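Read through the structure below, which is laid out as structure tokens, and then see the notes.
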Amino acid sequence: MKRVLVVSVEPPWPAQHGGRIRTARVAEALGRHLDVLVTFPDHGERQLDAPVATAPLPWSPPSAVRTRASGRPHLGGHYLVPVADSLLALCDEFRPDAVYWSHSYLAAWAPPSARPVPQVVEFANIESRRLQTLVTSAHGWQRMARRAEATKAAFWEPRVAARAALCVALSQPDVDVLRGWARDVVLVPNGVDLQPYTPSPADGYALALASYDYEPNVLALRALVRDTWPLVRAALPTARLVVAGRRSEALSQEFAGTPGVTVLGTLDDVADAYAGAALTVAPATTGGGSQLKLTESMSRGRSVVMSPFAAQGLPSAVRGADAYWVADEPRAFADAVVDGLRDRSARQAREHAAWRRCAALGWPQAVGELVTAISTLAEGKVAS
């Protein structure tokens, strides 16, 4: 059986949030057809009985001097510099037929001796664009650092894509960019773990579920609570906004005095949070271009009020359906939330339409073309 080494930034299991879920599901799908080993810097929570074999690498935070001064991405160096020797030793032992990098900024630090093996690089985002959206929200040295990283990405990112045997994109706009840089590009949208459909409750709340250790999510939530939520409450005084997700507890004190807003904090299981929701909100206007939480919400039978920025990353299976709301400025966003909370029958028609569309987005279907492409690469490597 052909061997594939998956290199991630963190343990994929337990798969409790967007980045982990995607890496976990891709590795699981590959593991049904190939001999897969997942390796990562050993930090954060790690599930010991993972469904795919893992090889954690000893890691401690490095000095930022080397990675900031390098022409390669600081974030990739942060994770890979401390484990470079261990990663090479693992490659010598496992002898992969292909290496799958879960993020392009990791592949930018791939050891030269590992490059003869076919490299598959997932572009979770187009980093040069993502980083540029983060510049304006920073100040002082942080703004300069982000601008420098965006400038570096414009250099290293096309080169990583050109060097890869296969590039993986999450959305069609990213495919269009990568095809200008790379030999071979495959579209692998975010899949879903489809749940049984249960209609949203009549008295449900608006749910803001996200990873709040990611700045674009925090900034978007603050803007929502500051500019949009008062408009929602003025039109519908009983409206409730529930904030949940990784590190959301850090925002509890900030929103403690805001009428109708409750912060649940980090959740081990998000099922109950979705069960009580009438709809979910995705207000981000900066950051990455494909948000797993959109299809996750729809696959659980909850429609989404989203920004145009968030909507750019919708997979084609749901794009264009009357299954969600897209709204830009605060008044339009507030009106969409109010309409969704008030009109139960119209809301449930949308959420059910979204849920039906998600039937075509199961992870095995989403990853099927990727499995075929990697199997072909691995076969070619063995033959050569």
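The values are calculated or read from the model by the stated rules, or taken from the named source; none is laboratory data. Remember, it's a predicted structure, so these values are computed and weren't measured experimentally. Cβ coordinates were reconstructed from backbone atoms using ideal geometry, including for glycine residues, and neighbour counts include every protein chain displayed. The protein model used for the area step is the full one, side chains on, heavy atoms only, and it has no ligands, DNA or RNA in it. Shrake-Rupley method; radii C 1.70, N 1.55, O 1.52, S 1.80 Å.
Among the helices (runs of 4 or more DSSP H) contained in region 121-228, which hold 3 or more residues that are farther than 26 Å from residue 98 by Cβ?
127-135, 140-163, 215-223
Here is a yes/no grid of residues against (1) surrounded by 21 or more Cβ atoms within 10 Å (Cβ to Cβ); (2) at pLDDT 95 or above; (3) of a type outside the set (A, V, I, L, M):
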{"residue": "294", "(1), (2), (3)": "yes, no, no"}
{"residue": "297", "(1), (2), (3)": "yes, yes, yes"}
{"residue": "315", "(1), (2), (3)": "yes, no, yes"}
{"residue": "320", "(1), (2), (3)": "no, no, yes"}
{"residue": "338", "(1), (2), (3)": "no, yes, no"}
{"residue": "352", "(1), (2), (3)": "no, yes, yes"}
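Quick one: would you say residue 41 is surrounded by 21 or more Cβ atoms within 10 Å (Cβ to Cβ), over 17 Å from residue 23 (Cα atoms) and touching an Asp or Glu at 6+ places or on another chain (Cβ under 8 Å)?
For residue 41, the condition - surrounded by 21 or more Cβ atoms within 10 Å (Cβ to Cβ), over 17 Å from residue 23 (Cα atoms) and touching an Asp or Glu at 6+ places or on another chain (Cβ under 8 Å) - is not met.
Would you check which residues across region 131-158 are among the β-branched types (Val, Ile, Thr) and at pLDDT below 95 and list them?
Residues satisfying the conditions are 133, 135, 136.
Residues in region 22-38 that are open to solvent by 20 Å² or more (accessible area, probe 1.4 Å) and within 20 Å of the chain's Cα centre (by Cα): how many?
The qualifying residues number 2.
Could you tell me how many of the residues in region 357-384 are closer than 30 Å to residue 203 by Cβ and exposed (fewer than 15 other Cβ atoms within 10 Å of the Cβ)?
The qualifying residues number 1.
Does residue 168 meet the test of being under 22 Å from residue 9 (Cα atoms), hydrophobic (A, V, I, L, M, F, W, C) and under 21 Å from the mean Cα position of the chain (by Cα)?
In short, yes.
Determine, yes or no, whether residue 50 is open to solvent by less than 30 Å² (accessible area, probe 1.4 Å) and either hydroxyl-bearing (Ser, Thr, Tyr) or part of a helix (DSSP H, G or I) (or both).
For residue 50, the condition - open to solvent by less than 30 Å² (accessible area, probe 1.4 Å) and either hydroxyl-bearing (Ser, Thr, Tyr) or part of a helix (DSSP H, G or I) (or both) - is not met.
Checking the conditions here, which among 106, 88 is assigned to a helix (DSSP H, G or I) and open to solvent by less than 20 Å² (accessible area, probe 1.4 Å)?
106 is the lone residue from the list that is assigned to a helix (DSSP H, G or I) and open to solvent by less than 20 Å² (accessible area, probe 1.4 Å).
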